[in-house]
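Trainee: Below you will find the structure I want to go over with you.
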Amino acid sequence: MGQFPLPHAVTDVRCGNELEYNDLVETKVKYGKRATIAQLLATIVQSLLLVNVGMELAMATVVIGSLYKNPNAEFLLSDTESSWYGSILYLCQPIGSCLSGYAQKRFGKKSCVVLACVPSIFGWMLLWYANSVTMLYWSTITMGMGLGFTDGPAYSYIGEICEPRLRGIMSCVINMACLIGVLSSYGLSYVFQWKTVAVVSALCPIMCLILVTFIPESPIWLLSKGKNEKAMKAICWLRGWVDPHVVSTEYQELMFYYKTSLDKSKTIRDSKGVFSSFLWVKSPSVYRPLRLVTIYYIFTLISCLTPCRPYIVKLMYESGVKDTHSIALVLYGFMQLAGSIGLTLTVRKLGKRMLTLSTLGINTMAIFLFAVYFVCIKNKLINSEAYVPMILYSIIMFSGAMGMLTVPWTLVSEIYPNEAKSFASSLTTAIYYILTFSATKVYLSVETTLGLNNTFFMMAGSSFVGFLYLYRNMPETENKTFMEIEEFFVPQNEQTSSEVSPGPRAV
């Protein structure tokens, strides 16, 4: 992938209080296309694992659509079994996610990729052999454990290897990869039986397991382990396979940033015990962004109809799409992918805040119209037409992927301080999947109790509340340095003297 000479003495590139940060900014290097290509290659390898995540998330829809009260199926799924199978993946993910926080810190981000691939491969094989509901449960439990080692490490890795100008775009590429996985599952299910889809899906983690050996570890993690020469080599690789002197300024900046993080986390690092990392939750630099992202996730689940996804086939059938639901699944997957591409192309110009608010507003209106449509059908004011729910749901899928569904995941790679990033990113993803499990598990009960129209009216109202909250509290992080983002949540005048130390403003 490109070779470069080892630095003669990495320790010659010094980092200390005697080196003023302003001098670093004045000599900041602007990298070219080779750096973009290198970072894109590293991102693509990580993206293979996210393609696998998308396929795992979509597989519940495919399996439930094939087995739910289907007299011609090998075995059947009842309402209760469908709700458990559709949600149990999200329940198991937090277990792996909590373990990944420790694994990231001790073994690095690349090791977490291996820990994610192995359970995923076994999960797909179990699904291939499944001949009972019990085997379905075991396959999704195994996948869920692997899923926990994917999201947090992947987004942390991208946040740490990319330049600020590319960080948002590369995070969008990872999001797009997940949606490619969703579309792939839906497309394969249109052609093949669900067990065949499981076999083909296993190729993704296998390819990722092979290719991850060719990309470097996170430079910041290497610095945290005292592996300075390897950190320099990693930066050289990621900036276009250049010589060490080209990246010496960035190396100094990373050392400054790492030293700042160490100073701020001294109390937590001195603490002992298995749960000492949870002391980060008391830090404003962690609990404030965590609170924002958690609330963001809640409104994402509602405005993107995430609890409905395992039951899309059922929802489409009840709304008038009876003979074309397989084609509808492919259409929805395609619309999500198109929305993710739109996000990648526009995020640098429009910013994450604008995309969040605009897409949330669109989804709120679409869900409201969905509810009105259900009321009209229920009262026989109009006849059910397949194109109406397909258009509305396509709008929700496209708009959500262009903002609400994907932006919070890009925030995970940006908003936490370096020393807390492994723990905080894993905790964040665990919270998301716990929320998703809860919402998915209770959705059928809520729909049965309230009816489709009232359920969607409730979702539309909740989405509007989310719009008001995010309008007031959502910051713009696009093209901002880590230090600038941290100072939004903890301004300098709120920091204690022990938390303040000189550091760079560009990482």
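The values are calculated or read from the model by the stated rules, or taken from the named source; none is laboratory data. These numbers come from a predicted model, not from an experiment. With ideal geometry, Cβ positions are generated from the backbone for all residues, glycine too; neighbour counts draw on all protein chains shown. To get the accessible areas, we keep the full protein, side chains included, count just its heavy atoms, and leave off ligands, DNA and RNA. Shrake-Rupley method; radii C 1.70, N 1.55, O 1.52, S 1.80 Å.
Trainee: Could you grab the relative contact order for the chain? Cα pairs under 8 Å, six or more apart, rounded to a whole percent.
Mentor: 25
Trainee: With axes computed from alpha carbons, what is the tilt in degrees of helix 79-107 against the longest principal axis of the chain, rounded to the nearest 10 within 0 to 90?
Mentor: 10
Trainee: Using R₀ = 35 Å, calculate the FRET efficiency as 1/(1 + (r/R₀)^6) where r is the Cβ-Cβ separation of residue 80 and residue 346; round to 0.05.
Mentor: Working from the Cβ atoms, E equals 0.25.
Trainee: Can I ask one more? Just to compare against my own numbers: the Cα pair-distance distribution for the chain, 10 Å bins, whole % per bin, please.
Mentor: Answer for the chain: a P(r) of 4, 19, 29, 25, 14, 6, 2, 0 percent.
Trainee: Given 158, 209, 436, which one lies farthest toward the positive end of the charge dipole of the chain, if we put +1 on the Cβ of every Lys and Arg and -1 on the Cβ of every Asp and Glu?
Mentor: Most positive-ward Cα: 209.
Trainee: So, one more: Which angle from 0 to 90°, rounded to the nearest 10, does the C-alpha axis of helix 387-401 make with the longest principal axis of the chain?
Mentor: Between helix and principal axis, roughly 10 degrees.
Trainee: So what is the 222 nm mean residue ellipticity for the chain from helices alone, if each DSSP H run of at least 4 adds -39500 (n - 2.57) and you divide by all residues, rounding to the nearest 500 deg cm²/dmol?
Mentor: Taking each H run of at least 4 residues, the total per residue is -24500 deg cm²/dmol.
Trainee: Here's a follow-up. Restricting the calculation to Cα positions, tell me the Rg (one decimal) and the Dmax (whole number) of region 52-209 in Å.
Mentor: So, for region 52-209, Rg and Dmax equal 16.2, 55 Å respectively.
Trainee: Would you mind checking 259/282; 380/441; 230/352; 227/349 for any pair whose Cα atoms are more than 29 angstrom apart?
Mentor: 380/441; 230/352; 227/349
Trainee: Defining a contact as two alpha carbons under 8 Å apart and six or more residues distant in sequence, what relative contact order in percent does region 349-417 show?
Mentor: Contact order relative to length: 50 percent.
Trainee: On a 0 to 90° scale, report how tilted helix 133-148 is relative to the longest principal axis of the chain, with both axes built from alpha carbons and the result rounded to the nearest 10.
Mentor: Once rounded, the angle reads 20 degrees.
Trainee: Here's something else I'd like to know. Let's see if you can work this out: charge +1 on each Lys and Arg Cβ, -1 on each Asp and Glu Cβ, no other charges. What is the dipole magnitude of the chain about its Cα centre, in debye to the nearest 20?
Mentor: 120
Trainee: Just how much of residue 74 is accessible, in Å², when a 1.4 Å probe is used and the result is rounded to the nearest 10?
Mentor: 120
Trainee: Which residues' amide hydrogens lie under 5 Å from the amide hydrogen of residue 77, considering only partners 5 or more residues apart or on another chain, with H built in the peptide plane?
Mentor: So residue 77 has HN proximity to 68, 69, 70.
Trainee: Full-extension gain between residue 191 and residue 484, please, as 0.36 nm times their residue separation minus the C-alpha to C-alpha distance.
Mentor: 100.6 nm
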